[in-house]
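Each remark here refers to the structure printed beneath this line.
Computed from the coordinates by the stated procedures, all read-outs in this text should not be read as laboratory data. In this text, all values refer to a predicted model and were calculated from it rather than measured experimentally. Because the Cβ atoms are built from the backbone with ideal geometry, glycine has one as well, and the counts that use them run over all protein chains shown.
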Amino acid sequence: MAPPTRDQLLDAAARVFAEHGFRGATTRLIAEAADVNEVTLFRLFGSKDALLGEAIRTRVYEREMVLLPDEPGDAHAELTAWATAEHAHLSTHRSSIRQGMSELSERPELTRCMAHGPKGAYSRLETYFSRLIKAGRAFKDANPHDASAMLLGSLFADAMGRDMMPESLPSAKQAPAAYVTLILRAIGYTVRPSTPRRRPATARSRRPA
């Protein structure tokens with residue numbers, strides 16, 4: 001039987017953390033989840049803190065994101081695709097995110113790895129909104145900082161609170177598009193006008209001589 005890979009151990013650590021939090025995620029539980037002995041964990045990672053820190057960072061907060069284009073096109077479609085992927089990720093990892101947030105007062109060092117993903121998402125959004133405003137497709141005084149915070153905050157609150165008050169939220173499938181629509185309306189988004197087509201010249205008929 002092949003020995004477990006580093007990725008398999010990180011996956012196991014992330015699962016245990018999501019269920020038990022930092023304090024409850026003992027090396028014994030992680031070793032059982034990965035079907036290895038504890039010595040293997042310490043040999044590869046050195047400590048429980050190092051193992052869980054890497055597991056939280058790489059399994060929860062670092063991930064491939066749907067890219068937003070350098071030049072906005074159909075902003076509603078582009079932002080909805082982005083928001084749908086972000087919402088799905090937050091929903092999938094909500095247990096781990098909640099555990100991490102509950103541990104921050106006791107373990108402030110978690111802040112750095114927990115903030116990695118959200119900061120990257122915010123930066124991409126702010127750049128996109130800034131270019132949309134610069135292109136004259138939103139109010140000149142629209143604030144890209146506020147628009148980014150509002151969209152991210154809506155997605156986060158929905159994903160974290162959906163299982164507590166689903167009746168107060170749009171359906172999970174419709175929620176990302178609904179929040180995008182509200183944000184775009186708030187900043188005065190306008191669809192890029194299409195280039196007007198030239199009407200073909202009408203051939204003049206010759207009068208009979």
Which aspartates and glutamates have a Cα less than 20 Å from the Cα of Lys134, not counting those fewer than 8 places away in the same chain?
Asp70, Glu71, Asp74, Glu78, Glu126, Asp146
Filter the chain for me: DSSP H helices, axial length by Cα at least 27 angstrom, mean Kyte-Doolittle hydropathy not below -1.0. List them by residue number.
110-134
Between rounded, prolate and oblate, where does segment 75-186 land on the alpha carbon gyration tensor, with a ≥ b ≥ c its root eigenvalues, rounded for a/c under 1.5, else prolate if a/b exceeds b/c?
oblate
Counting only C-alpha contacts under 8 Å and six or more residues apart, can you give the relative contact order of segment 75-186 as a whole percent?
41
For Glu62 paired with Thr181, estimate the spin-label separation in nm (one decimal), with each label point 7 Å from Cα along the Cα-to-Cβ line.
3.8
Of Ala31, Ala88, Phe17, which is farthest towards the positive pole of segment 11-96's charge dipole, taken about the Cα centre with +1 and -1 on the beta-carbons of Lys, Arg and Asp, Glu respectively?
Ala31
